[in-house]
Amino acid sequence: MELHTLSSHRITRRTMLRLGALAGLSTVVLPSLLAACGGDDDFGKDDTTTPGGPTATVSSESQGEAEAGEPKSGGTLVWGMGGDADALDPHTTNAWAAWRQSTMMYESLVRKDLAATEGTPEIVPLLAESWEATEDGLTWTFKLREGVKFHDGTDFDSAAVMANYERMAVADSKFYYETAWHGQFAFQYATEVTAPDATTWTITHDRPVAEFLSTIGDYYWFGIASPTQIEKVGNENLAANPSGTGPFRFVERVEGQRTKFERNDDYWGDKPYLDEVIIRPILEDQARVVALQTGEIDLMSDPPPDVIQSLIDEGFTHSDGMTPQVAYYRFQFRNEYGKDVRIRQAISYAINREAIARDLFRNSAIPAYGLLSPGAPAYDPDWKPFPYDPDKARELLAEAGYPDGFKTKLLGVPTASGWPQAGAVAQFIKDNLAEVGIDLELELTEWVTYLGIIFRERTDMIMWGTAWGMPTNFFVNIQAESRYRSEQDAGDAGYTNRENPNVELDEFLVAGSEATDAATSNELYRKANEKAMVEDCAFVAITHDKLPHLMKPSLKGFVHSVNVNYDLTKLWIDE
Amino acid sequence: MGTGHPDGKVVRRMGRYIIRRLIATVAVLFGVSILIFTIVHLTPGDAARAQLPSNAPEEQIQKIRRAMGLDKPMPIQYVYWLRNAVQGDFGRSYQHRISAFGIVKDRFPNTVILAGSSLVVAVIIGLTVGVIAGTRPNSRTDRTATILGIIGASLPSFWLAIMLLIIFSLKLGWFPAVGMYDVRGDGGLVDLAKHLVLPTIATAAVPAAVIARQVRSSILEIMNLDFVRTARAKGLAEHIVVLRHALRNAMPTFITIVALQAGYLLGGSLITEVVFSWPGMGQQLYTSIGARDVPVIMTITVLIALVFTSLNLIADVLQGVIDPRIRLM
């Protein structure tokens, strides 16, 4: 069974068209939507297409200019980001700024198609040319690309894949690195992993893992590093001395100033147009905006929502899209109000998500109702279970015995990288809840303090929030399947965990993650969403951020993928 | 200096004084390290948890915690830290997974450049304004200087920094907005100087105002003393009275205040460094505190404490050289 042709074509298209109507106003987004449809068709037919290949001509159109001209080679891109990368080690990092950089250097066996801008991206070949799963869905066999070299000159082969797998998952291997935690979700069901020959790698699970390809294709956290380099510099020093197979090579990192990459002229695929990419962390919003205006940076991530329109008016090119991110709050079931489903639902009705997305984010986010992100296969843009309805909220509160409301607390952060407007949203929710009589006290602390205080014992609060996500259905398992949660977890809110599982929800999630048929799987995940978000109302989702980017008009070829990283090989400068 | 004839006794006394102060410096560093270590550990938050997504399973966090040595009681962790630190090993940054000392070593010179240029600007402005205002008490110049001083000392530095950015970088386009060098170029002194101007002004505003105020009040005090009257009575020109006699007597206070300001500048440029993306210790401290990156926080704070106490020691010794009255104490 060629799994990567079995992607959900029809669903993708339908979803895309629906979203296309939504985005129809934007002349910037629409052409890229159509472009993505074109790319889609090509991928289904041609197994050996290199990623991004068929979209090379398409990407320049995505800038909204009919006469964009031929891409030119050369030039340096300076990219300003609002957060600094922690470590440039794909197996250990936990920051979006770092994903964006490590994906320039490191490649996984497969990846989500970065040319897709809406709907569920296809899985496309990368270091694996092809793959197949056995009929029972237990064993995956990957045929690896030949003739690929790491940046340090080492040949890429199945031993390299093995070494990287062992680095994350095999405790008695010489490659094992405790901090390389990313393997925990994807490799937890592995029973046998083999490398029968230099170009074949297999992994066998003890249960079918339908989204295995998707999980190893996400964010490239399974970026394959040169085993020679790992041995030479040691596990801990790989972050400072990266060596992958990707289109860009690491040149240098000057902490806090810049990280520099250059084109990998020996790259196996389509070589980048750009000579160099320089990443600059600029933490202060205002300074980042001025740096774009003065030309000190060419491309800016994380613009403050308020300035986006004025930058567009000044002539900067704007790009945003559907991201895997979801900002949500988790209800504390041990709180005296949080334990009542009517109160939880009342709160969900009382929050005006449309107004948050429109007024606070200036439409740089869309309202969210579930944990499935717009990039997940089961995401349904028409599913909006909690329309803003303060009357319904008051009714439910009266039913629960609190017609005059009550006083409780929300835990959150004032601001955090990857969770834009966190504090402002909390304030907005406070105002929304005040309208239905709930007096919400905000306890906002900076991120790491926050992580230390969301203890399970915090029954004085009704909810705590966070923001992250993956463009997969499996993300819901990580959030809401009992096997991934324990009563001992700091953030456990008493909804479901190993000690007290929510059996009904588990059934949907387990069956959904094991179903090898996409339609069945998606149906099960939608039921899980309905159960967790509406029936039990254990979470309240607020927004999906569209991760807006602004760039100088001469920068061409930027395609806003559904992921958090972008295909930089297609970027070129028209000067 | 011409005054006084230091004999052997004075030099010996001076030597003993310096040794005493050095011992005190070590004690201060020890105290600072315990204090900061305790504060960082008592602040809620969890460096191990910060390595993982917000609701990672507890077992995984425990694993990381063990790998980072955070499962041990705090005093034991401190003893480990101290043992390694006295051997020159300041540990590995939790956040960046590279040597904490390496990070700080790279950033220290950048902060010294910014703090140094700010100090020079603050001293020139502070001294000039202070002397002018102090010699013309209650004149219009004095009142203007006082008002400007109050404004300078009370402007929030992030606000001033952002204003400078918007006016001189965005509107006028005179200076670059962020960083130390143009990342596209190869750097160089001219490039550095251009990047240095705005952060220097933003950083120098407060110390300039503080120095001006101090200089003004000590000049004012000295101008009323007998020896100044004597000098004037001798018929010396006013500028000689001010520069040779009054200013020289104001020097000890001036040196102390400048040394203090220099120490504060090392930590005080934090806000400016963050706003202008100046890759110094302040910016690093800001992100490291956010990530509870204990090895880096410790290295930076101990280094700042070391520089601060050293500057004070140097100031005291200099005072002794300039002012024989202090030497004999």
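The values are calculated or read from the model by the stated rules, or taken from the named source; none is laboratory data. For clarity, every value in this text was computed on a predicted model and none was experimentally measured. When we count neighbours, we look across all protein chains shown, and the Cβ atoms used for this are built from the backbone with ideal geometry, even at glycine. Each accessible area value is taken on the protein alone, full model and side chains, heavy atoms only, with ligands, DNA and RNA left out. Shrake-Rupley method; radii C 1.70, N 1.55, O 1.52, S 1.80 Å.
Taking label positions 7 Å along the Cα-Cβ direction at both B:Ile151 and B:Leu170, the computed distance is 2.1 nm, reported to one decimal.
Loop-resident chymotrypsin sites (Phe, Trp or Tyr not before Pro) (DSSP state other than H, G, I, E or B) in the stretch B:88-138 with no more than 13 further Cβ atoms inside 10 Å of their Cβ are absent.
Distance from the C-alpha centroid of the stretch A:281-305 to that of the stretch B:109-184: 24 Å, rounded to the whole angstrom. In straight-distance terms, cross-link reach from A:Lys392 covers every one of the aspartates and glutamates whose alpha-carbon lies under 16 Å from its own, apart from those fewer than eight places away in the same chain; here that gives A:Asp340, A:Asp404, A:Glu435, A:Glu535. In this calculation the C-beta distance from A:Glu178 to A:Glu523 is compared with R0 = 25 Å, giving a FRET efficiency of 0.05. Ligands, DNA and RNA are left out, and with a 1.4 angstrom probe the accessible area of the protein assembly as shown is 39 Å² per residue. A simple charge model with +1 on the Cβ of Lys and Arg, -1 on the Cβ of Asp and Glu and nothing else charged puts the dipole of the protein assembly as shown at about 5800 debye relative to its Cα centre.
Compared with its chain on its own, the stretch A:94-142 contains the following residues whose accessible area drops by 50 Å² or more in the full protein assembly (probe 1.4 Å; ligands, DNA and RNA excluded): A:Asn94. Note on chain B: GNM, Cα springs under 10 Å; of B:Leu35, B:Leu165, B:Leu127, the largest mean-square fluctuation is that of B:Leu35.
With every protein chain in place and a 1.4 angstrom probe, the accessible-area ranking of A:Ile282, B:Ile113, largest first, reads B:Ile113, A:Ile282.
Qualifying GluC sites (Glu not before Pro) in the stretch A:99-184, where qualification requires a DSSP coil assignment and no more than 10 other C-beta atoms within 10 Å, comprise A:Glu135.
For A:Gly494, neighbours were defined as the other residues whose beta-carbon sits under 9 Å from its Cβ, and their charges (Lys and Arg +1, Asp and Glu -1) total +1. Counting only Cβ charges, +1 for Lys and Arg and -1 for Asp and Glu, the dipole size of the stretch A:204-315 around its Cα centre is about 400 debye. With every protein chain in place and a 1.4 angstrom probe, the accessible-area ranking of A:Thr459, A:Thr415, B:Thr25, largest first, reads A:Thr415, A:Thr459, B:Thr25. Taking the longest Cα principal axis of chain A as reference, the axis of helix A:518-529 is set at about 30 degrees. Residues of the stretch B:62-86 with an amide N closer than 16 Å to a point placed 7 Å from the Cα of B:Phe30 along the Cα-to-Cβ direction: B:78-86.
With the solvent-accessible surface defined on protein heavy atoms using a 1.4 Å probe, which residues belonging to the stretch B:243-291 display a reduction of at least 20 Å² in accessible area in the multichain context relative to the isolated chain? Output list: B:Val274, B:Val275, B:Ser277, B:Pro279, B:Gln283, B:Thr287, B:Gly290. The distance between label points at B:Ala193 and B:Leu243 comes to 2.5 nm (points 7 Å beyond Cα on the Cα→Cβ vector). Compared with the dominant principal axis of the Cα atoms in chain A, helix A:503-514 is inclined by about 20°. With a 10 Å cut-off between alpha carbons and a GNM built on chain B, which of B:Ala315, B:Ala237, B:Ala262 moves the most? Greatest mean-square fluctuation among the candidates belongs to B:Ala237. When nucleic acids and ligands are ignored and a 1.4 Å probe is applied, A:Lys392 ends up with an accessible area of around 70 Å². Taking the Cα centre of chain B as reference, the dipole from Cβ charges on Lys and Arg (+1) and Asp and Glu (-1) amounts to some 900 debye. Along the axis of the charge dipole computed for the stretch B:174-251 (Cβ charges of +1 for Lys and Arg, -1 for Asp and Glu, origin at the Cα centre), the listed residues B:Met180, B:Ala209, B:Ala233 are led at the positive end by B:Ala233. The angle between the Cα long axis of helix B:100-135 and the main principal axis of chain B comes to about 20°, on a 0 to 90 degree scale. Mean per-residue shielding of peptide A:83-92 is 3, counting Cβ atoms of other chains within 10 Å of each Cβ. Restriction of the GluC sites (Glu not before Pro) in the stretch A:302-397 to DSSP coil positions whose beta-carbon has at most 12 other beta-carbons within 10 angstrom yields A:Glu314.
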